[in-house]
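K.L.:
Supplied in structure tokens, the structure appears directly below.
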Amino acid sequence: MANGLVQVLKRRLKSEDFVRVRSYARRIREIVGSYDRLRRFLGPVVLPMLWADEELRGAVALPNLRRLWINFDGFHGQALYPRMLMSPRVTSVVVEHTDRDTPGHELPWDNLAAVLVMAKSTLKCFAFETVYDNRVVSRYNSALDAAMISLPLFISLHNFDIHNFMISHAVLAHVARMPNIQSFSFGIKAPEAEQFLLTPAFAGDFPSLTELRIDAEGLDVVSRILERPGFGRLALLTVLRSKAVSGGSWDLEAFFKSLRDHQESPLTLKAIHILRVNASSSAPPRGQPLPLSYGALSYLFHFSQLSTLNITHELSLELSDEQFRALPEAWPRIRVLLLCADRRDVLLPSITFHAVLFFVCSCNELEVLKIQADATGFPSFAESGHIGTAPALRHLDMDTSPLDEPDEFATLLLMTCPALERLTYAKKYLRDLDYLSGVNRVYAKNWQRVSLRIKHMVSG
């Protein structure tokens with residue numbers, strides 16, 4: 001019986017049955033997805049029992065396996081199941097952790113390290129996934145540190161994802177020596193970051209790094225880390241602000257200036273994400289919005305190949321129409337621009353929808369836009385003249401933009417954006433209109449009307 005599923009052999013296995021087992025075993029390239037579903041059929045009970053038979057004893061269970069998704073529970077004891085699956089051809093391993101009750105020092109970190117060593121020359125991707133946020137798993141950090149430092153310098157590892165953990169300065173320094181790391185995701189608390197900054201810097205650190213995802217206490221901490229050797233050739237940068245961290249400076253202008261000053265080439269950086277995560281999906285945002293001015297954005301004009309700028313932290317946009325219209329010239333390859341507005345009751349946005357139309361029609365590659373703009377009283381055709389079309393725009397999110405003429409707006413939008421598939425607006429508030437009051441409730445109803453018309457036109 002395995003995981004509630006009774007498995008019964010109706011007859012004794014014959015030699016020809018094991019020929020079939022070997023044949024099918026050679027065909028399996030991936031074990032991915034939900035571990036709970038997979039292990040019922042090819043799990044830690046069935047597989048060891050089959051390979052205990054003298055017909056298969058000593059053979060590699062799945063000799064052509066490339067990608068493995070496995071639960072951390074399987075590494076307890078003799079770790080028979082992961083040892084059977086870990087062949088010299090495995091290139092990608094995801095370890096899933098679902099046990100929040102076992103103390104960190106009792107988890108099988110040493111077995112995990114020992115099994116991974118079996119694929120040290122071929123392993124290219126390793127990730128530790130968990131359904132819990134990094135506040136829950138923070139109690140595992142010291143045990144994780146010991147396990148990570150005990151690993152050899154994997155010469156083949158390209159992608160390393162332990163974003164649920166707040167690692168120590170020693171682990172960060174250890175990973176810096178891995179010669180082929182291209183993508184690294186991790187979290188670090190301010191004291192450990194300070195300790196890392198005090199360690200000697202080597203010109204050969206992170207020689208291959210191009211993608212970084214970091215959960216840190218403030219953009220100032222991230223800036224100082226990025227000044228170190230090895231962080232100057234990034235193509236993708238993601239900075240998280242999660243519940244596990246607090247404090248620090250979140251000055252966007254200073255951060256963007258530091259990026260401009262310390263990235264080695266203006267042509268390399270293509271995507272920047274600054275994300276506020278683990279926030280409630282129903283409650284209004286907390287804390288003060290981050291000011292985002294044209295001066296702050298101008299430091300990013302240095303990166304002419306920028307294709308994605310995504311800021312989900314609430315922003316106080318300090319942009320005029322003229323300044324917003326200048327962005328397409330600075331970023332001719334922009335595909336995704338997401339700027340999350342401050343959702344409290346404030347004055348009308350400084351950007352008008354007329355400027356938004358000019359922007360989308362000036363960006364030939366733009367596919368997704370999120371912006372708060374004033375869509376009340378926009379000018380007529382006689383006043384504005386021909387604007388053009390946005391050939392690639394598929395998704396427009398107008399956030400909490402005010403709107404007073406939904407039918408006219410929908411018509412103009414459909415004429416201007418022929419590829420539009422989705423129009424969204426303040427989803428978390430539209431679940432319950434009674435939550436809104438006054439004019440905001442009217443705006444929400446107007447956006448619902450526009451959204452339904454867009455859906456009708458697209459589906460028709």
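K.L.:
Only residues that are at pLDDT below 85 and not hydrophobic (A, V, I, L, M, F, W, C): list them for segment 84-109, please.
P.N.:
Correct list: Ser87, Pro88, His97, Thr98, Asp99, Arg100, Asp101, Thr102, Pro103, Gly104, His105, Glu106.
K.L.:
Just name the residue that is nearest to the chain's Cα centre (by Cα) out of those in segment 400-426 that are among the aliphatic types (A, V, I, L, M) and surrounded by fewer than 15 Cβ atoms within 10 Å (Cβ to Cβ).
P.N.:
Ala419
K.L.:
Return the pairs, sorted by first residue and then second, in which the second residue is open to solvent by 30 Å² or more (accessible area, probe 1.4 Å) and at pLDDT below 80, the first residue lies in segment 85-102 and is within 18 Å of Ala61 (Cα to Cα), the beta carbons are less than 8 Å apart, and the residues are 6+ apart or on different chains.
P.N.:
As it stands, the answer is Ser87/Val60, since those pairs meet every condition given.
K.L.:
OK, next. Select from segment 8-43 the residues that are under 30 Å from the mean Cα position of the chain (by Cα) and modelled with pLDDT of 70 or more and write down the one among them that is least open to solvent (accessible area, probe 1.4 Å).
P.N.:
Looking at residues that are under 30 Å from the mean Cα position of the chain (by Cα) and modelled with pLDDT of 70 or more, I get Ile31.
K.L.:
Can you find, within segment 133-161, the residue that is surrounded by the most Cβ atoms within 10 Å (Cβ to Cβ) among those that are modelled with pLDDT under 90, of a type in the set (A, V, I, L, M) and outside any helix (DSSP H, G or I)?
P.N.:
Residue satisfying both the conditions and the ranking: Leu151.
K.L.:
When the residues of segment 295-304 are filtered to those that are buried (at least 16 other Cβ atoms within 10 Å of the Cβ) and free of Cβ contacts under 8 Å to residues at least 40 places away in the same chain, which remaining residue is farthest from Ala392 (Cα to Cα)?
P.N.:
So the residue we want is Ser298.
K.L.:
Let me ask something else. Quick check on my filter: what residues within segment 251-270 are touching a residue at least 40 places away in the same chain (Cβ under 8 Å) and surrounded by 19 or more Cβ atoms within 10 Å (Cβ to Cβ)?
P.N.:
Leu252, Phe256, Leu259, Gln263
K.L.:
What's the total number of residues in segment 211-248 that are open to solvent by 50 Å² or more (accessible area, probe 1.4 Å) and either in a helix (DSSP H, G or I) or polar (S, T, N, Q) (or both)?
P.N.:
Number satisfying all stated conditions: 3.
The values are calculated or read from the model by the stated rules, or taken from the named source; none is laboratory data. As the structure is a computational prediction, the values presented were derived from the model and not from experiment. Cβ coordinates were reconstructed from backbone atoms using ideal geometry, including for glycine residues, and neighbour counts include every protein chain displayed. Side chains are part of the model used for accessible areas, which takes the heavy atoms of the whole protein and leaves out ligands, DNA and RNA. Shrake-Rupley method; radii C 1.70, N 1.55, O 1.52, S 1.80 Å.
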